[in-house]
Each structure stands twice: as C-alpha cells, then as structure tokens.
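Okay, structure first, notes after.
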Amino acid sequence: MKTKKINLTVIFLLLLPLGIALFGAGCEKEDVSQSVLNGKWILIGFGDDSTNEFIIEPESEPKSSYVVFDNGEMVPYSVTNMTYDVSYEVEGEMIHITNKGGRTKVGGDTEWGLKFLIAINDIYNFKINSELMLYYENQKFMKLKKETK
C-alpha cells in the first residue's frame, strides 16, 4: 500500500489566507472598540464605585464640560478652557491617554470644569452602556452622555 506524502509547502500555502483573515479580523475588532467612543460626550457628573456616591453637575454650572473623541484623537473642553493635542489608544476596555500638547488658558475655570480637565488626563478605563463611564482614579469615574443631534 502506497502512502501519499503531503507537501508541507502546499499545506502552508492553503492555510496562509486563513491566517491572514483571522489576523485581520482581530485588528478590525480593536478599530471598532476605538470608534465606539467617537463623538461628543457631555459630562453628567462624578462618581465613586467604592462609596456608591454620584454627584451630578451643579445647577450653577453652565453644562459645557465635554470631550470629543475622533478615531484616536480627543479634545476635552471645560467651561472656559480646552486641552489640545491629546491622543488615545483603546485595548478592550483599557484606554491610554497621551497628552502631547497643553491647555488653553482663556480665563479662570469653574471648580467643576477644572476637575474635569485634570481627571481626563488620568483616564485608564472606560465602560459604555447608554452612557460613558471614564475611570480616572481607583474606582472614581466621570459619567458622560453622548450628544445626539
């Protein structure tokens, strides 16, 4: 009885397209995770999972602290200032912020706006349901809602 020898090169060439397709699918998933953040997200309040405390933005604030995510670039805006030249990378629910720029100093910011701009640079994790939770310190987070027009 004769056995056929299988050429390893032929097997490799047959499996190569499958490997490329699977690798490409993995890369695509990361892009989808990053793009889910795209858009304008308006600050609702600050919370702490360890104490179950959540403080909504005070009525005295002008409701204008927000962040715009755009495919790896982000621009956080407070009441009177903004941070520029900030990029981010997403891996699963982890987010890595790189601030290469600076902050505009148009004028004095409110306490709420200043807290927002400081916290945004320390974000390390996020969760999205109907709202966006940006974790910036051990169990502390900002909750934001997506602007829909």
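The values are calculated or read from the model by the stated rules, or taken from the named source; none is laboratory data. From a predicted model like this one, the values you see are computed outputs, not experimental measurements. Glycine gets a Cβ as well: all are built from the backbone with ideal geometry, and neighbour counts include every protein chain shown.
Quick look at the numbers
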| read-out | value |
| --- | --- |
| Test: residue in the range 119-126 that is in contact with a His (Cβ under 8 Å, 6 or more places away or on another chain) and not polar (S, T, N, Q) | yes |
| Qualifying residue in the range 133-140 (condition: more than 23 Å from VAL36 (Cβ to Cβ) and more than 18 Å from the chain's Cα centre (by Cα)) | no |
| Members of the range 46-77 that are of a type in the set (Gly, Ala, Ser) and either over 11 Å from PHE116 (Cβ atoms) or touching a helix residue (DSSP H, G or I) at 6+ places or on another chain (Cβ under 7 Å) (or both) | GLY47, SER50, SER60, SER65, GLY72 |
| Qualifying residue in the range 30-39 (condition: in contact with a Phe, Trp or Tyr (Cβ under 7 Å, 6 or more places away or on another chain), under 22 Å from TYR88 (Cβ atoms), part of a strand (DSSP E or B) and at pLDDT 90 or above) | yes |
| Total residues in the range 64-73, condition assigned to a strand (DSSP E or B) and either touching a Leu at 6+ places or on another chain (Cβ under 7 Å) or touching a residue at least 40 places away in the same chain (Cβ under 8 Å) (or both) | 3 |
| Of all residues in the range 83-92 being of a type outside the set (Ser, Thr, Tyr) and either assigned to a loop (DSSP other than H, G, I, E, B) or in contact with a Phe, Trp or Tyr (Cβ under 9 Å, 6 or more places away or on another chain) (or both), the one that is farthest from ILE123 (Cα to Cα) | ASP85 |
| Yes/no for THR80 being within 23 Å of LYS115 (Cα to Cα), among the hydroxyl-bearing types (Ser, Thr, Tyr), modelled with pLDDT under 90 and not in a strand (DSSP E or B) | yes |
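Yes/no matrix, rows are residues, columns are (1) among the aromatic types (Phe, Trp, Tyr); (2) under 17 Å from GLU73 (Cα atoms); (3) modelled with pLDDT of 90 or more; (4) assigned to a strand (DSSP E or B):
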site	(1), (2), (3), (4)
THR98	no, yes, no, yes
ILE118	no, no, no, no
PHE126	yes, yes, yes, yes
TYR136	yes, no, yes, yes
LYS145	no, no, yes, yes
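Listed here are the residues, each with its yes/no results for (1) under 13 Å from SER65 (Cβ atoms); (2) in contact (Cβ under 8 Å) with a residue 12 or more places away in the chain; (3) surrounded by 16 or more Cβ atoms within 10 Å (Cβ to Cβ).
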site: VAL79; (1), (2), (3): yes, yes, yes
site: VAL86; (1), (2), (3): no, yes, yes
site: GLY92; (1), (2), (3): no, yes, no
site: ILE97; (1), (2), (3): no, yes, yes
site: LYS100; (1), (2), (3): no, yes, no
site: ASP109; (1), (2), (3): yes, yes, yes
site: GLY113; (1), (2), (3): yes, yes, yes
site: PHE126; (1), (2), (3): no, yes, yes
site: GLU137; (1), (2), (3): no, yes, no
